[in-house]
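Novice: Shown below is the structure under consideration.
The values are calculated or read from the model by the stated rules, or taken from the named source; none is laboratory data. Owing to the predicted nature of the structure, the values given are computational and were not obtained by experimental measurement. Glycine gets a Cβ as well: all are built from the backbone with ideal geometry, and neighbour counts include every protein chain shown.
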Amino acid sequence: MRTRTACLLAAMAVAGCGDIIGLGGYTDQVDGSVDSSGSEAGGGDAQPDVKSDVVVADAGDGGDAAPFPPSCSGASVCVPDLPSGWSWAAYAPDSRVACATGYATPTDVEEDIDAGAAACGCGCTTTNPSCTTGSVTITAGTNGTCDNITNQTDPATAGCNTLTQFGTSSGSSLAVIGPAPSGGSCTAVPSQTLPPVGYAHQGRTCGFTGTPGDAGCGDAGVCVPDPAPFTMCVSQAGVNACPSGFPTQHLVGTSTVDTRGCSPCGCTFDAGACVGTATLYGNTGCTFGAQAIPADGTCTAVNGNRTWRGYAYTPTSNTASCAGTAVSADGGVVFSDLTTVCCK
């Protein structure tokens, strides 16, 4: 009997110690239940809720609880993973505001060059040939036919010249042909006007200075600071097809090479013919019996029964001309540092 009493007292002492060390709130009831207030269903002392800073997931049957990853929202956004060979870039096509937090190295860029073709022209200046070098040709005939009864050539120098004796008779006619043009040339005068260069978009890129996070995005990619008002993109030098996840292509650059111009301008030279007047005289001093006839090959009736001994040839014009060749625009304007920017 004494033994049973000692055991009972020992068990009660242990139960009382539970209240002393603060374990009463976790004392199981006979049926193992705990009410919603955290106190024992059997009327034990109420205990405060125990809160944890870690949110736990449902471990399932027998599984260990694990923390949820932090959310990628608010000041951060999820973007596809960075493709191999590409670099991160934030891009605003029509704005040059400051880079967002987490982004730096602003670079002003242009997109879609708008440059009209050169306006081209080709003119010429004419240097007339000489018409006092060479010989005049005099042909005599009858009845206005100048049918080459007599034909001779004499120098076409300016002033009074001695004419090889050239006799005519009643009803005779003469034709005088001036010398062939000597020299002369064309000088090409090209013209070119370049329209100003414009762009469809003038914006800015910013480089990403941080390291993307893996949490909170799952299969959506990685977490980066929100680049707004910029769009998150990737970039690569040259012209490249956009990778998966970044479908919108922009071809941008910071400097251009302008090769617009015109094809060569040239001229076609036509020396024409030397024309003027040949005045025949009855003496070598060119003072007697003057008769002027055109020096254009026209057969002209002259006084008969006269021997012509002098002449003076006076060129009055020639029909030399120059024509510019057709020209066309060529070349264009391209970026010297063309870069492909692909945005999500």
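Novice: Of everything in region 178-203 that's under 15 Å from ALA271 (Cβ atoms) and of a type in the set (A, V, I, L, M, F, W, C), which residue is farthest from the chain's Cα centre (by Cα)?
Specialist: ALA180
Novice: Okay, moving on. Look through region 313-344, keep the residues that are buried (at least 19 other Cβ atoms within 10 Å of the Cβ) and in contact with a Phe, Trp or Tyr (Cβ under 8 Å, 6 or more places away or on another chain), and return whichever of them is nearest to GLY116 (Cα to Cα).
Specialist: VAL341
Novice: Checking PHE208 against (1) surrounded by 13 or more Cβ atoms within 10 Å (Cβ to Cβ); (2) of a type in the set (A, V, I, L, M, F, W, C); (3) at pLDDT below 90: exactly one of these is not met. Which one?
Specialist: Tallying (1) surrounded by 13 or more Cβ atoms within 10 Å (Cβ to Cβ); (2) of a type in the set (A, V, I, L, M, F, W, C); (3) at pLDDT below 90, PHE208 fails exactly one: (3).
Novice: From the list SER95, SER73, pick out the single residue that is assigned to a loop (DSSP other than H, G, I, E, B) and at pLDDT 95 or above.
Specialist: None of the others qualify; the one that does is SER95.
Novice: Shifting gears a bit: Would you list the strands (runs of 3 or more DSSP E) that sit entirely within region 180-256 and hold 2 or more residues that are at negative phi, touching a residue at least 24 places away in the same chain (Cβ under 8 Å) and aromatic (Phe, Trp, Tyr)?
Specialist: Qualifying strands (runs of 3 or more DSSP E): 197-208.
Novice: Separate question: State yes or no: is ALA292 in a strand (DSSP E or B), surrounded by fewer than 16 Cβ atoms within 10 Å (Cβ to Cβ), of a type in the set (A, V, I, L, M, F, W, C) and at pLDDT below 95?
Specialist: Taking the combined requirement at face value, the residue satisfies it.
Novice: Follow-up question, since we're still on this one. For region 257-297, enumerate the residues that are aliphatic (A, V, I, L, M) and touching a residue at least 24 places away in the same chain (Cβ under 8 Å).
Specialist: VAL257, ALA271, ALA273, VAL275, ALA278, LEU280, ILE293, ALA295
Novice: Here are some conditions: (1) hydrophobic (A, V, I, L, M, F, W, C); (2) at pLDDT below 95; (3) in contact with a Ser or Thr (Cβ under 6 Å, 6 or more places away or on another chain). ALA278 meets all but one. Which one does it not meet?
Specialist: Of (1) hydrophobic (A, V, I, L, M, F, W, C); (2) at pLDDT below 95; (3) in contact with a Ser or Thr (Cβ under 6 Å, 6 or more places away or on another chain), only one is false for ALA278: (3).
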